[in-house]
Amino acid sequence: MSLISCHDLTVRLGGSVILSHVSLSINEGEIVTIVGPNGSGKSTLLKTLLGAVTPAKGRVETADGLRVGYVPQKLHIDPTLPLPVLRFLGLPKPVARDAAMAALERTGVAALAGRQAADLSGGQMQRVLLARAILNAPQLLVLDEPTQGLDQPGSADFYRLIEDLRAELGCAVLMVSHELHVVMAASDRVICLNGHVCCEGAPAHVATAPEYRALFGTGTGGALALYRHEHNHSHDHDHDHAHEAAE
Ligand SMILES: Nc1ncnc2c1ncn2[C@@H]1O[C@H](COP(=O)(O)OP(=O)(O)OP(=O)(O)O)[C@@H](O)[C@H]1O
């Protein structure tokens, strides 16, 4: 069953078309990863699906009463604000101490419950944000580049935790990631975005798709090609056009 879907979305921001003709659907229990070059609209797509951005055209459909847990790319906490981790978990909605402790336990950071949220390392903060996201037993976990800034073992551990949580909670996972090798290993489905959906499908299918190879190259060089993308594949015209100022 589809938990969330969008149909022929067009999103304009600041007078430019950021997304055009984007349709996708996330089913119960699957791990779907969105990949794409910097500025290709990945975060905008997540925000549109979550209702924080209103599309100019198209529609988003959500299953009735869908419980979503969201892990943002990063969260800045004012260092002058005294906010222990346990209290942070109760924002904006108060939560029972036992439930908060169980969530911190599950993401491996129970020992940090009394620490100041602003003092946490990047990796610790991501686990605290993940604990907060699983508090309401989500049916859909949405993560925006959750391992940005983590070292390789740290990010591999984090993705393993996501897979374990998916199995335990039975939730679907929708995430944005730049780590192509992990994405290819850990996703049921990959969506390659560049202002529009370039290609999508099982990792093995997407890895061999010409549109994906044009964006990311082949083999291990693919991860580096991500940052060297020069808009040279067959959809270029569409994409460049999509970024022209809207009328
Ligand atoms: N509020 C806004 N107003 C105008 N333009 C915006 C706004 N938010 C994002 N954009 C533009 O939309 C485009 C897509 O941004 P978005 O953050 O969705 O890309 P992304 O694929 O998530 O990028 P990255 O990989 O760098 O995180 C960018 O060109 C960005 O500058």
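Work out the charge dipole of the stretch 75-136 with +1 on the Cβ of Lys and Arg and -1 on the Cβ of Asp and Glu about the Cα centre, then indicate which of 86, 120, 99 is farthest towards its positive end.
Going by the Cα projections, it comes out as 99.
At a Cα cut-off below 29 Å, give the lysines reachable from residue 93, other chains included and same-chain residues fewer than 8 away excluded.
42, 47, 74
At a 1.4 Å probe radius, carbon and sulfur cover how many percent of the accessible area of the stretch 75-136?
57
Taking a 1.4 Å probe, which of 150, 83 shows the most accessible area, and what order do the others take after it? Working shown, then result.
Values: 150 35, 83 15 Å².
So, going from the largest accessible area down, we get 150, 83.
Return the long-range amide H neighbours of residue 193 (sequence gap of 5 or more, or a different chain), with a cut-off of under 5 Å between placed amide H atoms.
Residues meeting the criterion, in which the H sits 1.01 Å from N, are 35, 36, 198.
Given R₀ = 51 Å, what would the calculated FRET efficiency be for residue 102 paired with residue 205, taking r from the Cβ atoms and rounding to 0.05? Please list the in-between numbers first.
On the way: r = 38 Å, r/R0 = 0.75.
Plugging the Cβ-Cβ distance into 1/(1 + (r/R0)^6) gives 0.85.
Placing +1 at every Lys and Arg Cβ and -1 at every Asp and Glu Cβ, with all other atoms neutral, what dipole size does the stretch 75-136 have around its Cα centre, in debye to the nearest 20?
Numbers: 7 positive and 4 negative charges, 26 e Å.
The calculated dipole for the stretch 75-136 is roughly 120 debye.
Determine the order of 61, 179, 105 by accessible area, beginning with the largest, at a probe radius of 1.4 Å.
Details: 61 85, 179 40, 105 125 Å².
The ordering from most to least exposed comes out as 105, 61, 179.
When the dipole is taken about the Cα centre of the chain, and only Lys, Arg (+1) and Asp, Glu (-1) are charged at their Cβ, what size is it in debye, to the nearest 20?
Numbers: 19 positive and 26 negative charges, 148 e Å.
Computed charge dipole of the chain: roughly 720 debye.
Could you compute how fast the chain diffuses translationally, taking Rh as the Kirkwood radius over C-alpha pairs and applying Stokes-Einstein at 25 °C with viscosity 0.890 mPa s? Give it in µm² per second. Working shown, then result.
Numbers: Rh = 18.8 Å.
Here the translational diffusion coefficient equals 130 µm²/s.
Given the stretch 2-125, report the % of alpha carbon pairs whose separation exceeds 17 Å.
Details: 5096 of 7626 pairs.
Beyond 17 Å sits 67 percent of the P(r) for the stretch 2-125.
Can you work out the accessible area per residue across the chain, with the rest of the protein chains kept in place, probe 1.4 Å, in square angstrom?
Numbers: 11620 Å² over 247 residues.
Here the residues of the chain average 47 Å² of exposed surface.
Quick one, can you get me the convex hull of the C-alpha atoms of the stretch 94-145 expressed as volume per residue in Å³? Intermediate values should be presented prior to the final figure.
Numbers: hull volume 4.7 nm³, N = 52.
Considering the Cα atoms of the stretch 94-145, their hull volume per residue is 90 Å³.
Please name which of 56, 108, 199 has its Cα lying farthest along the dipole of the chain towards the positive end, using unit charges on Cβ (Lys, Arg +1; Asp, Glu -1) and the Cα centre as origin.
It is 108, whose Cα lies furthest towards the positive end.
The values are calculated or read from the model by the stated rules, or taken from the named source; none is laboratory data. Bear in mind that the values here come from a model prediction, so they are computed numbers and not experimental data. Using ideal geometry, Cβ is built from the backbone for each residue, glycine included, and neighbour counts are taken over all protein chains shown. Areas reflect the complete protein model, heavy atoms only, side chains present, ligands, DNA and RNA absent. Shrake-Rupley method; radii C 1.70, N 1.55, O 1.52, S 1.80 Å.
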